[in-house]
Every structure is written in structure tokens, then in C-alpha cells.
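The values are calculated or read from the model by the stated rules, or taken from the named source; none is laboratory data. Bear in mind that the values here come from a model prediction, so they are computed numbers and not experimental data. Positions of Cβ are generated from backbone atoms using ideal geometry, with glycine treated the same way; all protein chains shown enter the neighbour counts.
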Amino acid sequence: MNAPQTETPDVPDRGHASSRRLLLGAVAVSAALAGAGLAWRRMQTPDAPPASPPVDGFWSSQWDTPQGGRVSMQSFRGRPLLVNFWATWCPPCVEELPLINDFYRQNKASGWQVLGLAVDKLAPVQAFLQKMPLDFPIAMAGMPGADLSRSLGNLAGGLPFSLVLGSEGLVLQRKMGRLNAADLDAWLRLK
């Protein structure tokens, strides 16, 4: 004998469906708020660093060279100057140095100057320059060079960091990260 079958009526679990709708609603509202917040943030103009941070103290700086001499910033005044903060332990720094050296060779006759400030220790810089001599002056900024680069607009504090100072001694351009030929071509027009 078969047991009588009883049918269970399809009764929706109203509590479960209601919780699911609330959860989906909360997710939708959160996504909408996040999107609105992102749109608002993109529309805001960020506080840009000053066009030319104070560089007066920079012009009175002097550094030792890896060869034992001294470099005075005063000797660079009055002509456009590309300053490159670099280190031997920084692969993008090392990769861009031949490009910077070519820039210097091609443009020194038209008044351009280049200074490499090594944020590094003396022995590695000396060994590096034995393997890859550069035509432009290199000076030893050491670890204080990181603070100096921040004061000149390197907000991230990373390397490589380059800046262009015009003939009047003001910062005209700066770049965090590896330079490319297009950067240098654009900077030629700044003087």
C-alpha cells in the first residue's frame, strides 16, 4: 500500500526574499555613491605644486664629485640646466643615463647644462662611472639628496627624478620616472 502523497504548497519564504532585496538595494546604493564620489573627485582640481618651488638655497649648494673635486651650483647659473637625481641601484636611472649623456653632447654647444646628483654612496658611483663614463658632471648628493629632490617638487620621493631649471634659475619642468627622448625634445624649447 502506498502512502498518501501530500503536496507541500509553494509558499515563498518572504523573510529570505526580503533580506535578499535589502542586500541588493544596499549594494546598488553603495555602488552609486562610490561612482558619484569618484566622479566628484575627478572633477575637482587638485592642489598643484607651485610652478616654481623655492630654489634659492639650491643655488648656494655645493657637492663633492666622485673624483674628489667640488661642484658649485653657482657655476650653472644663467643657462638652462637639466638636473637628474639617480642612483646605481635604480635600474631606470641607469637605463636613462646614456640618453641624458647624448642630450648633453648634442646640446651643450647651445648652452644646455646637465648635472647628475647621485643619491648613493661614493664607492658604487665610482665603480659605475669606471664602467660607464659620462660627459656631464656628477656630484654626490648622498641620501640627503632624496630630501633635496622633495624640496624641488619630487612629491613621491622616488628615483629617477629630473628637473629643468631655466636661464633665470626657476624650475620650468620636472618628471618623476625614467626620461624618454620625447621628454628631452620638449624640454629643449623651454630655456
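Here are some notes:
- Only residues that are over 16 Å from ARG70 (Cα atoms) and either surrounded by fewer than 18 Cβ atoms within 10 Å (Cβ to Cβ) or among the hydrophobic types (A, V, I, L, M, F, W, C) (or both) were counted across the stretch 102-118, and they come to 10.
- Residue within the stretch 142-162 that is of a type in the set (Asp, Glu), in a loop (DSSP other than H, G, I, E, B) and modelled with pLDDT under 95 present: no
- Selection of first residues in the stretch 111-139 that are at positive phi and of second residues that are surrounded by fewer than 23 Cβ atoms within 10 Å (Cβ to Cβ) and modelled with pLDDT of 95 or more, restricted to Cβ pairs under 6 Å at least 6 apart or on distinct chains, gives the following pairs, ordered by first then second residue: GLY111/ARG79.
- Filtering VAL94, VAL71, VAL83, VAL125 for residues that are under 25 Å from the mean Cα position of the chain (by Cα), part of a strand (DSSP E or B) and surrounded by 15 or more Cβ atoms within 10 Å (Cβ to Cβ) leaves a single hit, VAL83.
- Answer residue from the stretch 171-191, given it is part of a loop (DSSP other than H, G, I, E, B) and under 19 Å from the mean Cα position of the chain (by Cα) and is nearest to SER75 (Cα to Cα) among those: LEU179
- Single residue of SER167, SER149 found to be surrounded by 14 or more Cβ atoms within 10 Å (Cβ to Cβ) and either over 23 Å from GLN74 (Cβ atoms) or within 23 Å of the chain's Cα centre (by Cα) (or both): SER149
- Scanning the stretch 166-191 for residues being in contact (Cβ under 8 Å) with a residue 60 or more places away in the chain and under 18 Å from CYS93 (Cα atoms) gives a total of 6.
- Annotation note: Cβ proximity below 8 Å between a residue of the stretch 77-103 that is closer than 20 Å to GLY153 by Cβ and a residue that is part of a helix (DSSP H, G or I) and among the aromatic types (Phe, Trp, Tyr) (sequence gap 6+ or interchain) occurs for ARG77/TRP59; LEU82/PHE103; LEU82/TYR104; LEU82/TRP187.
- When LYS108, LYS131 are screened for being farther than 22 Å from TRP59 by Cα and basic (Lys, Arg), only LYS131 passes.
- Scanning the stretch 73-119 for residues that are closer than 18 Å to MET132 by Cα and aliphatic (A, V, I, L, M) yields a count of 10.
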